[in-house]
Amino acid sequence: MIELSFEVIASVALATALVALLFAHIKNTQLQSRLREMQDTLHNVQSDVSAVCSGAVNLGQHLAQLEQRTHLLIQRQDQLELKAPATQSYRQASKMMNKGAELEEVIADCGLARGEAELVALAQRIKKAS
């Protein structure tokens with residue numbers, strides 16, 4: 001058998017250790033690069049989540065304003081619907097007078113008081129005169 005001296009074995013072990021160290025250094029560099037990429041990605045995701053949260057808050061506020069506005073519009077519409085029958089009577093009276101209906105007929109058909117019917121008749125005369 002060939003006898004190997006301690007120096008040769010130590011040199012081979014040192015060379016092997018250096019190669020292993022070189023591979024470990026290369027792998028470490030690759031892992032550090034990958035870590036930086038992951039940190040950048042994490043930062044981007046955190047920014048996106050922050051933007052989405054901010055947008056959600058703004059959207060919630062906008063939605064609350066729209067709900068308030070819708071509520072007010074519903075109330076207003078209800079009020080207008082309550083007034084609508086009265087204005088409908090005036091419109092009907094005006095149309096009847098336009099077609100030549102008599103004051104008594106307008107009062108009976110539209111359910112207006114005499115003073116209201118006379119006002120509608122006056123408005124019709126003024127409208128025709130202008």
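Quick notes
- Fewest-first sequence of CYS110, CYS53 by Cβ atoms within 10 Å of each Cβ: CYS53, CYS110
- Backbone geometry of region 6-21 corresponds, through the Karplus equation with coefficients 6.51, -1.76 and 1.60 at θ = phi - 60°, to 3J(HN,Hα) couplings of 4, 5, 5, 5, 5, 5, 5, 5, 5, 5, 5, 5, 5, 5, 5, 5 Hz, x marking Gly and Pro.
- Within region 28-42: backbone nitrogen closer than 19 Å to the VAL49 label point (7 Å, Cα to C-beta): 35-42
- When the alpha carbon gyration tensor of the chain is reduced to an equivalent ellipsoid, its three semi-axes come out at 101, 12, 10 angstrom, largest first.
- Using just its DSSP H runs of length 4 or more, each adding -39500 (n - 2.57), the chain gives a mean residue ellipticity at 222 nm of -33000 deg cm²/dmol after division by all residues.
- Shown is the FRET efficiency for GLU37 and HIS71, computed with R0 = 35 Å from the Cβ-Cβ distance and rounded to the nearest 0.05: 0.10.
- Rounded to the nearest Hz, the phi-derived 3J(HN,Hα) couplings of region 54-63 under the Karplus curve 6.51 cos²θ - 1.76 cosθ + 1.60 (θ = phi - 60°) are 4, x, 5, 5, 4, 5, x, 5, 5, 5, where x marks glycine and proline.
- Residue-wise HN-Hα coupling along region 123-130, computed from phi with Karplus coefficients 6.51, -1.76, 1.60 (Hz; x: Gly, Pro): 4, 5, 5, 5, 5, 5, 6, 8
- Of the trypsin sites (Lys or Arg not before Pro) found in region 82-127, those in coil by DSSP whose Cβ has at most 15 other Cβ atoms within 10 Å are LYS99.
Read the figures in this text as sums done on the coordinates, not as results from a lab. What you are looking at is a predicted structure, and each value in this text was computed from that prediction instead of being measured. Cβ sites come from the backbone with ideal geometry, for glycine too, and all protein chains shown count toward neighbours.
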